[in-house]
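All remarks here apply to the structure that follows.
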Amino acid sequence: MLLCTPLFLFLLCTFFHFLYFFPQTETQSPRHGGESVAEVLRAHGVKFVFTLVGGHISPILVACEKLGIRIVDTRHEATAVFAADAVARLSGTVGVAAVTAGPGLTNTVTAVKNAQMAESPLLLLGGAAATLLQGRGALQDIDQMSLFKPLCKFCASVRSVKDIAITVRKALAIAQSGTPGPVFIEFPIDTLYPFHLVSKEFGVKNPPKGIMGKVVTWYLHNHLKNLFAGAWETRDVSPLPVHIPQATDNQVQKCIELVSRAKKPVILLGSQATLPPTPTDDIRAALESLGIPCFLGGMSRGMLGRNSPLHIRQNRSDALKEADLVLLAGTVCDFRLSYGRVLNRRSRIIAVNRDKTQLLKNSDMFWKPTVAIQGDAGSFLLRLSKGLKGHTCPEDWPQSLKAGDVTKEKANRRKADEKTDRHLNPLSVLHRVDELMADDSIIVADGGDFVGSAAYIMRPRGPLRWLDPGAFGTLGVGGGFALGAKLCRPESEVWIIYGDGSLGYSVAEFDTFTRHKTPVIALVGNDACWSQIAREQVPILGSNVACGLAFTDYHIVADGYGGKGTLIGREDEDKLDGIIKEAQKETRQGRATLLNVLIGKTNFREGSISV
């Protein structure tokens, strides 16, 4: 009989043993796993958690709010992740987003991939079906781990409440170590709610009769007690060490010698140069000490201020052809550098990057580094500057490049003065905004053709004041990036430069701006078209199919969400300065504004393509 079998006796003994030794305080405590998450986040200096609420994650949100962490709820999960990405870039900490299971998480995929390619340290917290119900058809139960493993540096599924603290600490350290990037933790719903609620859900309403009923009941009871065993023991929540790779002394010395012999050196600075631990002000001082002309990309835009003689904005390809030494400081030889083909094969090339794969990308085909350093670009620049103290770049070299800049920008200005067939000249609008924008402004770039033009015309006032998607080039970042930026820098003007196509992804976040009192200014270049695509599709394939939009009343949409919208057409050209200043005044008074600018077509950037 089953009652006499060794298996039954073992199970029976195990049951009574566990029942006797399991701490009763675990079953009586009103605490829940969300509190453990919140304690670790607070200990790591996290100020904001971005979310779109869902029952799977409610304990995390409630616990964070109780500990003083601001919960910022958005109208789309992708926006929550984009906002966390912006916070990571601007604050030097890990950005945090929490979303519910299943579709809540799948809605974040594009934003998480963007953070991965932009190398932003980001923690994504996701709900999940209960531990015993995974794979059994529970609500919103999918294989989330397989989905996020290719996108994240670290993925974990919490299996007991006591593991929450160490798992979150580990994830935060990994997000910042080496090459920063996103990490993901899923929390089965039974690891987040209090014992008495989970026990009630686990209870067997109509257990099978006989010995099988007793075994099933015991199994569920045992699982529950394992889930909460040691849950509220005191645990360390302080940050774990963060590893940042550094150049060796020999590598730095070799680079000092190469730079000291160069007559026409150039620095290409990428977003990695803005990463902690080196303050951006120190990097700026190092660049000015080196005296080498710089091309700035990504988050490094604005590193040298608005009018630095060392910041070269135009004619990069021509400069690279002449250069005898090129320093790629966090810059990658991908499509943005024509896979390395724009580099002069006779040039000495120093490449510095935290990621070995990015460091050597396409070096097997189109270019070869003279020195390749897997290390932090910012601290490398400081050491290089210190080693070259007293050495200066020949003055005629940056002056000649700057002269080319002036010539090109004068041509751009003349192009801005031309009349378009209808509506306003987009270049003229961008010039006016650039001249009137406050000195502390942060510019968020979210669009194709209009934003491509803005990159040539608008000048960030300082470091960490330009936010664009990065290498992934995704649209839809505007609402989230602006939200995160305004929360990090509430005293700054935050401008979103939108194409009318990209605006559609996040215009609903004007509701978020209103509810969370984060007034930003959106400048929409409305040409009723996906122009970045049309500029190649039409001449190459002879069709405008799917490229056309309408001159939609986006300003009315902003009004509907509690903001202030303004339509600007050719008849308003003489009043443009006043309209811009009024929008700035509105934001100072706490109201998000949208300038719906009807623009015409120009041949500026003719020949640029979108693939």
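Taken together, the values in this text are just the output of simple stated rules run on the coordinates, not laboratory data. It should be emphasised that the depicted structure is a prediction, and the values quoted were computed from it without experimental measurement. Quick reminder, even Gly has a Cβ in these numbers, built from the backbone with ideal geometry, and neighbours come from all protein chains shown.
For this structure, a couple of remarks:
- Cα gyration tensor category, rounded, prolate or oblate, for region 462-611 with a/c compared to 1.5: prolate
- Projecting the Cα atoms of Ser543, Ile496, Val237 onto the charge dipole of the chain (Cβ charges, centred on the Cα centre) puts Val237 farthest toward the positive pole.
- Along each principal axis, taking the top coordinate minus the bottom one, the Cα set of region 67-112 gives 28, 24, 15 Å in descending order.
- Positive dipole terminus of region 249-399, leading residue within Ser363, Asn315, Thr331 (C-beta point charges): Ser363
- DSSP-assigned coil residues among GluC sites (Glu not before Pro) in region 367-429, each with at most 10 further Cβ atoms within 10 Å: Glu395
- Rounded if a/c under 1.5, otherwise prolate or oblate - the chain, Cα gyration tensor axes: prolate
- For region 88-108 versus region 552-611, the spacing of their alpha-carbon centroids is 29 Å.
- Point-charge dipole on Cβ atoms (K/R +1, D/E -1) for the chain, about Cα centre, debye to 20: 1200 debye
- Helices in the chain that qualify as membrane-span-like (whole DSSP H runs, Cα extent of at least 20 Å along the helix axis, mean Kyte-Doolittle hydropathy of 0.0 or higher) are 6-21, 77-91, 211-228.
- Lys, Arg +1 and Asp, Glu -1 on Cβ, resulting dipole of region 125-265 about Cα centre, debye, nearest 20: 180 debye
- Prolate/oblate/rounded label for region 249-399 (Cα gyration tensor, a/c 1.5): rounded
- Only lysines eight or more places from Lys254 in sequence, or on another chain, were considered; those with a Cα closer than 30 Å are Lys263, Lys264, Lys321, Lys356, Lys361, Lys368, Lys386, Lys389, Lys402.
- In a simple Cβ point-charge model (Lys, Arg +1; Asp, Glu -1; nothing else charged), region 22-228 has a dipole of about 340 debye relative to its Cα centre.
- In percent, rounded to a whole number, the relative contact order of the chain is 12, using alpha-carbon pairs under 8 Å and six or more apart.
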